[in-house]
Amino acid sequence: MSGSRWWVLALGIAMAIAGCVSVSTTETVADGSALPESSLSPSPTSEGAEKAIGEETVVEDYDPWAPFNTAIFSFNRKVDRYVLKPVAKAWDKIVPDPVERSLKRAFDNLSMPRRLVNNLFQLKL
């Protein structure tokens, strides 16, 4: 490999390793107890909200998408409960088991070209 390729490889490995690192907000001393470290507080860009519960302070993460996610979750739950579940129950009662098996096999056969290409790329013959 040329010199520039080694640098790219080394940089990629360093970035992969750095992505696995997490910073703890507590410091462990030799006797195994955890001491809170004020210098390891969340970064100022995290915009965490703090709530005092008794003597402890709890830091909540700021999530600008929380209202949207809550609305989508509620919508999905209602669609599942009032549309998809009744349709699935009706399907189980109306369609015989041999027909269900035949449909499953037909859709499995449709995925065969994708598996074939994947196996060829992996040289699994």
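Quick look at the values:
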| item | result |
| --- | --- |
| Separation of the S111 and K85 label points, Cα + 7 Å toward Cβ, nm | 2.7 |
| Computed lengthening from F75 to L103, 0.36 nm per intervening residue step minus Cα-Cα distance | 7.1 nm |
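FYI, it's all coordinate maths here, none of it is from the lab. No experiment lies behind these values; they were computed from the predicted model shown. Neighbour counts run over all protein chains shown; Cβ positions are idealised from the backbone, glycine included.
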